[in-house]
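Reading through the structure tokens given below for one structure.
Laboratory data are not the source of any read-out in this text; all were calculated from the coordinates shown. Here the structure is a predicted model, which means the values were calculated and not measured. In this analysis, Cβ positions are derived from the backbone assuming ideal geometry, glycine residues included, and neighbour counts consider all displayed protein chains.
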Ligand SMILES: NC(=O)c1ccc[n+]([C@@H]2O[C@H](COP(=O)([O-])OP(=O)(O)OC[C@H]3O[C@@H](n4cnc5c(N)ncnc54)[C@H](O)[C@@H]3O)[C@@H](O)[C@H]2O)c1
């Protein structure tokens, strides 16, 4: 691997250049290089680029690190100072939610597209990986790319290929998951599929760009609505004193029932966001999706109320909250409902102590040390190491598990 200035590499276009080297873009770039392509990556985050340029990876997953190290040492993977000519451009930049209006913020995507325009040549392929509202390829990407003077389908090709990566299992999923390949025309689909064929063992599902955009949103919306139902049923179960997990396990034995687990809320950067992209497209037609979003958004308040009830007899109890990531075993605290619960309890004046060994939160030697210093243990995110320790016994302090 060499950190190459763009000027040095301008003479010969890369096979593929990935814009945005985060959780999605870096694995794709690394896998494309591993498949033998002359690959390059560019990110506006200078610190990330310096790290990568020094052969260091910001994704802390052992299996992926092994592939990363192998590619850096043995394959043709460059990290660039600027966007440069390439046969194919892949875009994996953030598409967050504008919280107030609940609409997609496409600022990074449009900036990435604009940065490609001066380098776009006849025969190039542009692939968007970022999660977007439906019609983003046609209504946002094409008008920007055609500022180059080139015409889509005639001069360059455009495809939408969403990612389904599960952080924590990136190395396996990027290779083995099915991938949706949605071209703006048939040739774009074929060209994009050829890139993915180099490293994907899962099936490539070929479709058009609009369907691919919609499928990505459907998948995460399905999960969000399903979890909202589970959370609602959990609240109902409390009325009868029924164990909701047991009830769901039994209901799921029905061959056509697949209810997800209730929890402390829905976090991360996909499920709380992507359903709003569907609502944004069709506000009149969507009633269930925003209601499910509200149910899941309110879940941390319900959980905080349960904790309050548990310490009602001892208002000055030290509440020990374990786990602050958005899901177990990942070092990612983005959109974490656990933090929201901690902050709600702190705002109420409770003495809340927080410990999460996965993200180094809390100044405790280990779980035993933490448990010794609190009156009640509230398990907000159950990392595997907690489950193991709990099975061996962690003393006699009261424990709330969600
Ligand atoms: N992380 C996941 O599990 C996951 C799964 C499926 C889909 N997605 C989607 O993939 C997209 C990327 O997500 P992510 O998790 O990789 O985000 P990320 O924040 O980890 O990485 C995005 C990177 O893009 C960079 N960037 C921003 N503007 C840029 C520009 N103009 N040019 C070049 N780089 C730029 C940022 O600096 C950042 O490093 C989002 O749309 C997300 O919704 C994410």
Report task. Could you work out which residue, out of 257, 318, 117, moves most in a Gaussian network model of the chain, that is, has the largest mean-square fluctuation with Cα springs under 10 Å? Result -> 257
Query raised in the report: Taking N as the number of residues in the range 206-252, what is its Cα Rg relative to 2.2 N^0.38 Å?
Result: 1.68
Requested in this report: Could you tell me whether the range 245-310 comes out rounded, prolate or oblate from its Cα gyration tensor? Rule is a ≥ b ≥ c as square roots of the eigenvalues, rounded for a/c under 1.5, then prolate if a/b exceeds b/c, otherwise oblate.
Outcome: oblate
Report task. Quick one: check the C-alpha center-to-center distance for the range 331-365 versus the range 303-329, whole angstrom. Result -> 10 Å
Report task. Please label the shape of the range 2-207 as rounded, prolate or oblate, based on the square roots a ≥ b ≥ c of the eigenvalues of the alpha-carbon gyration tensor (a/c under 1.5 means rounded; beyond that, a/b larger than b/c means prolate, else oblate). Result -> rounded
Query raised in the report: Taking Rh as the Kirkwood radius computed over C-alpha pairs, what is the Stokes-Einstein D of the chain at 25 °C in a medium of viscosity 0.890 mPa s, expressed in µm² per second?
Result: 106 µm²/s
Requested in this report: Any chance you could run the full-extension gain for residue 250 through residue 117? It's 0.36 nm times the residue separation minus the Cα-Cα distance, nm to one decimal.
Outcome: 42.3 nm
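Using Stokes-Einstein with the Kirkwood hydrodynamic radius over Cα pairs, what translational diffusion coefficient do you get for the range 56-159 at 37 °C and a viscosity of 0.692 mPa s, in µm²/s rounded to a whole number?
So the translational diffusion coefficient is about 211 µm²/s.
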Requested in this report: Compute the FRET efficiency between residue 107 and residue 235 as 1/(1 + (r/R0)^6), taking r as their Cβ-Cβ distance and R0 = 35 Å, and round to the nearest 0.05.
Outcome: 0.40
Requested in this report: Hey, could you get me the Stokes-Einstein D for the range 179-318, Kirkwood radius over alpha-carbon pairs, 10 °C and 1.306 mPa s, rounded to whole µm² s⁻¹?
Outcome: 88 µm²/s
**Report entry** Value of [θ]222 nm, deg cm²/dmol, for the chain, DSSP H segments ≥ 4, -39500 (n - 2.57) each, nearest 500
**Finding:** -12500 deg cm²/dmol
Requested in this report: Sort the range 311-402 into rounded, prolate or oblate with this rule: let a ≥ b ≥ c be the square roots of the eigenvalues of the Cα gyration tensor; rounded if a/c is under 1.5, and if a/c is not under 1.5, prolate when a/b is larger than b/c, oblate otherwise.
Outcome: oblate
Query raised in the report: Could you give the nm distance between label points at residue 285 and residue 139, where each point is 7 Å from its Cα heading toward the beta carbon?
Result: 1.3 nm
Query raised in the report: Please state the relative contact order of the range 311-402 as a whole percent: Cα pairs under 8 Å, 6+ residues apart?
Result: 35 percent
Report summary line: Fewest-first ordering of 291, 340 by Cβ atoms within 10 Å yields 291, 340
Query raised in the report: Could you state the number of Å between the C-alpha centres of the range 45-95 and the range 381-402?
Result: 38 Å
Requested in this report: Please work out the C-alpha center-to-center distance from the range 202-253 to the range 182-199 and express it in whole Å.
Outcome: 30 Å
Query raised in the report: Given the Cα-Cα distance of residue 56 and residue 301 and 0.36 nm per residue of separation, how much length would full extension add, in nm?
Result: 84.2 nm
Report summary line: Relative contact order as a percentage, the chain, C-alpha pairs under 8 Å and 6+ apart, gives 11 percent
